[in-house]
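Below: the structure, in structure tokens.
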Amino acid sequence: MRTHNRRWSHVNQLLDFLPIAFFVAVFFSTAAPDNILWATAALMAGVTSQLAAYWLLKKPITGQLKFTFWASIILGGLTLVLRDATFIQWKPTVVNWMLALVLLGSDLFANKNLLKSLLGQQLQAPDNVWRNLNFGWSAGFILAGILNLLVAWNFSMEFWVTYKLLGGFGLTLLYIILTVVYLARLGHLKDPQADMPAEITPNDHKP
């Protein structure tokens with residue numbers, strides 16, 4: 001079962017990577033100024049194919065995946081119709097801030113820790129540790145959204161596209177390392193080899 005889960009985890013990561021890979025590849029292979037429009041269309045096709053792959057493989061389609069899909073389709077559609085890249089540049093920020101809002105809202109108003117629901121089988125920790133993780137990841141999502149806007153507003157489109165591909169991976173790796181170190185120091189890591197689920201990773205590197 002563990003081997004099967006890890007195999008699906010790798011497939012899941014590949015499916016997550018393909019839309020942004022299409023986006024970046026089309027952007028840098030198409031002449032400006034329409035390259036961002038073609039790249040946006042490729043991104044929309046990529047997230048649609050991603051959702052179709054989950055459906056064909058009969059894998060659960062998470063709420064985050066659904067929201068990311070609709071954010072890409074709506075903001076990407078506005079970018080194409082209005083020929084304004086601002087909408088697609090806002091997409092990572094919208095998704096990250098919505099994730100932060102869901103994590104904080106579920107904890108503060110529904111008294112439910114979503115991270116504990118996702119990771120409870122891999123990690124054993126008291127409620128105060130789960131709450132710290134919840135606030136820590138919420139802060140990470142907020143920071144990722146802010147950084148996306150700072151790059152989009154202050155650097156070239158080429159730099160922003162590169163950041164969208166590489167910066168998100170860097171942030172994800174940093175958050176996971178900080179989480180593992182925090183849990184390890186407290187002695188709450190049940191399985192050091194456990195993968196962090198894709199549902200809670202920052203979305204700068206996602207479609």
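None of the figures in this text is laboratory data; all of them are computed from the coordinates on show. Note that the coordinates shown come from a computational prediction; the quantities given were computed from them, not determined experimentally. Note: ideal-geometry Cβ built from the backbone for every residue, glycine included; neighbour counts use all protein chains shown.
ALA31 meets all of the listed conditions (1) within 17 Å of THR162 (Cα to Cα); (2) hydrophobic (A, V, I, L, M, F, W, C); (3) touching a residue at least 60 places away in the same chain (Cβ under 8 Å) but one, namely (3). Annotation note: Cβ proximity below 6 Å between a residue of the range 70-85 that is closer than 13 Å to ALA39 by Cβ and a residue that is assigned to a loop (DSSP other than H, G, I, E, B) (sequence gap 6+ or interchain) occurs for SER72/PRO207; THR79/ALA85.
Note on the range 46-62: among residues that are part of a helix (DSSP H, G or I) and without any contact (Cβ under 8 Å) to a residue 24 or more places away in the chain, the one that is farthest from ALA144 (Cα to Cα) is LEU56. Within the range 143-157, the set of residues being free of Cβ contacts under 8 Å to residues at least 40 places away in the same chain and either surrounded by 15 or more Cβ atoms within 10 Å (Cβ to Cβ) or not polar (S, T, N, Q) (or both) comprises LEU143, LEU150, VAL151, TRP153, PHE155. Scanning the range 81-114 for residues that are surrounded by fewer than 16 Cβ atoms within 10 Å (Cβ to Cβ) and either touching a Pro at 6+ places or on another chain (Cβ under 8 Å) or part of a helix (DSSP H, G or I) (or both) yields VAL81, LEU82, THR86, LEU101, GLY105, LEU108. Based on what the data block shows, is VAL95 under 16 Å from the mean Cα position of the chain (by Cα), among the aliphatic types (A, V, I, L, M) and within 27 Å of TYR182 (Cβ to Cβ)? Yes; evaluated as a whole, the condition is true for this residue.
Scanning the range 115-127 for residues that are touching a residue at least 24 places away in the same chain (Cβ under 8 Å) and either part of a helix (DSSP H, G or I) or within 20 Å of the chain's Cα centre (by Cα) (or both), we see that the one that is farthest from LEU78 (Cα to Cα) is LEU119.
The residue pairs whose first member lies in the range 128-142 and is touching a residue at least 12 places away in the same chain (Cβ under 8 Å) and in a helix (DSSP H, G or I), whose second member is surrounded by fewer than 21 Cβ atoms within 10 Å (Cβ to Cβ) and among the charged types (D, E, K, R), and whose beta carbons are closer than 6 Å, counting only pairs six or more residues apart or on different chains, are TRP130/LYS116; ASN134/ASP107.
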